[in-house]
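This report refers to the structure that appears directly beneath it.
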């Protein structure tokens with residue numbers, strides 16, 4: 001259970017990133033990001049290694065590996081490629097301009113889907129019953145923290161966020177956001 005708490009602490013620390021960005025605290029941004037991500041990664045590893053295993057069929061492990069590769073790619077893309085890495089996680093102050101393309105054209109917080117898929121895949125691969133318990137807790141906490149970001153921080157951090165909020169759904173894609181996403185893909189290919 002301690003690993004679930006450490007993961008929750010990791011989420012809380014990661015979300016301090018918005019506060020230190022707005023306050024423009026020197027060097028706090030990368031330290032906050034590294035510490036929070038470290039706690040979350042440690043708790044993920046330790047819950048995967050927990051001794052209580054689920055009796056899952058062998059094919060679920062193979063499905064888990066396929067989903068794991070896809071989820072890691074999507075998570076890396078949404079957090080480190082679609083967003084400008086240096087401005088988002090390293091440079092003092094707010095990360096710069098609002099990103100509304102790529103996965104951020106589909107929903108305002110795409111990493112939640114990627115993280116959920118990552119957790120599902122890790123449950124299938126590791127067969128960890130502790131991770132099965134931790135996953136809904138971490139997903140719910142992530143959603144709660146995203147709601148806080150969306151309501152209290154992002155309007156102050158990014159010009160045009162109120163318009164983006166009206167145009168792009170928070171978590172569940174709609175027809176308009178899917179069309180916008182497809183158009184972004186077409187423009188990227190051209």
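The values are calculated or read from the model by the stated rules, or taken from the named source; none is laboratory data. None of these values were measured; they are calculated from a predicted model. For neighbour counting, all protein chains shown are included, and Cβ atoms are generated from backbone atoms with ideal geometry for every residue, glycine included.
Could you tell me which numbered condition residue 184 fails, if it satisfies all but one of (1) assigned to a helix (DSSP H, G or I); (2) surrounded by 19 or more Cβ atoms within 10 Å (Cβ to Cβ)?
Status for residue 184: all satisfied but (2).
Is there a residue in region 70-92 that is assigned to a helix (DSSP H, G or I), buried (at least 20 other Cβ atoms within 10 Å of the Cβ) and either modelled with pLDDT of 95 or more or on the phi > 0 side of the Ramachandran plot (or both)?
Yes, because at least one residue in region 70-92 is assigned to a helix (DSSP H, G or I), buried (at least 20 other Cβ atoms within 10 Å of the Cβ) and either modelled with pLDDT of 95 or more or on the phi > 0 side of the Ramachandran plot (or both).
Considering only residues of region 56-65 that are free of Cβ contacts under 8 Å to residues at least 40 places away in the same chain and in a helix (DSSP H, G or I), which is nearest to residue 116 (Cα to Cα)?
Keep residues of region 56-65 that are free of Cβ contacts under 8 Å to residues at least 40 places away in the same chain, which gives 57-59, 62.
Still in the list and also in a helix (DSSP H, G or I): 58-59, 62.
Details: 58: 22, 59: 20, 62: 18 Å.
If we take residues in region 56-65 being free of Cβ contacts under 8 Å to residues at least 40 places away in the same chain and in a helix (DSSP H, G or I), then 62 is nearest to residue 116 (Cα to Cα).
Would you check if residue 130 is modelled with pLDDT of 95 or more and either outside any helix (DSSP H, G or I) or surrounded by fewer than 17 Cβ atoms within 10 Å (Cβ to Cβ) (or both)? Before the answer, list the steps.
Values: modelled with pLDDT of 95 or more: yes; either outside any helix (DSSP H, G or I) or surrounded by fewer than 17 Cβ atoms within 10 Å (Cβ to Cβ) (or both): no.
Judged against the criteria, residue 130 is not a match.
Quick one: which of 92, 61, 100, 88 is touching a helix residue (DSSP H, G or I) at 6+ places or on another chain (Cβ under 9 Å) and under 23 Å from residue 178 (Cβ atoms)?
Going through 92, 61, 100, 88 in turn, the sole match is 100.
Starting from region 35-47, keep only residues that are closer than 10 Å to residue 131 by Cβ, then list their pairs with residues that are part of a helix (DSSP H, G or I) whose Cβ atoms are within a distance under 6 Å, requiring at least 6 positions of separation or different chains.
43/3; 43/6; 43/7; 46/3; 47/3; 47/130; 47/131; 47/134
Based on what the data block shows, is residue 143 assigned to a helix (DSSP H, G or I), under 24 Å from residue 20 (Cβ atoms) and without any contact (Cβ under 8 Å) to a residue 40 or more places away in the chain? I'd like the intermediate steps shown before the answer.
Numbers: assigned to a helix (DSSP H, G or I): yes; under 24 Å from residue 20 (Cβ atoms): yes; without any contact (Cβ under 8 Å) to a residue 40 or more places away in the chain: yes.
Answer is yes for this residue.
Hey, any hits in region 28-46 for a residue that's part of a helix (DSSP H, G or I), more than 18 Å from the chain's Cα centre (by Cα) and modelled with pLDDT of 95 or more?
Yes, that holds for at least one residue.
So that you can scan it fast, the table gives a plain yes or no per residue for (1) under 28 Å from residue 19 (Cβ atoms); (2) surrounded by fewer than 17 Cβ atoms within 10 Å (Cβ to Cβ):
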site	(1), (2)
99	yes, no
121	no, no
125	no, no
138	yes, no
152	yes, yes
167	yes, yes
178	no, yes
